[in-house]
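The values are calculated or read from the model by the stated rules, or taken from the named source; none is laboratory data. All values reported here derive from a predicted model rather than from experimental measurement. Every residue, glycine among them, receives a Cβ derived from its backbone with ideal geometry; neighbour counts consider all protein chains shown.
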Amino acid sequence: MRMLGGSLSRFVHTALDFLLPHMCLLCETETTDGLVCNNCLDYLPVVTSPICHRCGRPIKNGITCRLCKRVSVLDHGRAWMLFIPPSDKLIHHFKYRKKTKLAQLMGRAMATLIRTDHILNRADMIVPVPLFWWKKLHRGYNQAVLLSHVISQETNIREQNTMSRIKNTKTQTRLTERDRRNNVKNAFAVQANGIEDKRILLIDDVLTTGATIQECAHVLKNAGACEVYSCVAAITPG
Ligand SMILES: [Zn+2]
Ligand SMILES: [Zn+2]
């Protein structure tokens, strides 16, 4: 019965998808694919130079942002959009409202960044930032894995789910910078070997203080990775 219920609801969803007009997730005008209309796409707050060469955050001067100046295990990073309105709304739909189709839009844009970046395009493998198993079960997917699939297809860099989250960390939203670092400390483990002397490109949806990505980079380097890079869909302005 449960099986039947599942496929029936899938059928109804597909039928509705076909029959109902698609609305842009940002402005609610009609679009062809039900994601973002061309007008909203044109006005997304895309990151522009100058950027911190460690994490990809926009900066006014110098070569690194305030956070990376203090500590950075990450060798190089890029971000597609700024995590401000309206792109924060897109991330919200992607992460919490099951709009998994957004992985195509974001993943392709990130792949373009990677292909045209002379450091990122030398990466040996793509590794998605892992979710704790309970969170993944609850959400049904890991958004970083969905992005990694698209990016791997578009760039021909192989994807390897080599990391796992071994600690169910608190949501970082209300934590200070230092608390975030403590929160993710010892939260990750590297599962497989084969990363020794490799250049690894970490993929995630959002980078705020960078605590999560920096901790992943730290664990990967301890396991023998020679360089660790990152590419995220959105980054906070700093
Ligand atoms: Zn729109
Ligand atoms: Zn930085």
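See the values below:
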{"quantity": "So D75, is it buried (at least 18 other Cβ atoms within 10 Å of the Cβ), in the same structural domain as Q160 (by TED's automatic domain parsing) and acidic (D, E)", "calculated": "yes"}
{"quantity": "Hits in region 29-39 - residues which are near ligand 1 (Cβ under 7 Å from one of its atoms), of a type outside the set (V, I, T) and either surrounded by fewer than 16 Cβ atoms within 10 Å (Cβ to Cβ) or touching a residue at least 40 places away in the same chain (Cβ under 8 Å) (or both)", "calculated": "N39"}
{"quantity": "Test: residue in region 115-125 that is within 17 Å of I51 (Cα to Cα) and buried (at least 21 other Cβ atoms within 10 Å of the Cβ)", "calculated": "yes"}
{"quantity": "Whichever residue in region 53-83 is of a type in the set (A, V, I, L, M) and assigned to a strand (DSSP E or B) and, among such residues, is nearest to ligand 2 (Cβ to nearest atom)", "calculated": "A79"}
{"quantity": "Residues (in a loop (DSSP other than H, G, I, E, B) and either touching a His at 6+ places or on another chain (Cβ under 7 Å) or surrounded by 12 or more Cβ atoms within 10 Å (Cβ to Cβ) (or both)) located in region 163-181", "calculated": "I166, K167, T169, K170, Q172, L175"}
{"quantity": "Residues of region 84-104 that turn out to be part of a loop (DSSP other than H, G, I, E, B) and either closer than 18 Å to T212 by Cβ or not assigned by TED's automatic domain parsing to the domain that holds I151 (or both), as a count", "calculated": "0"}
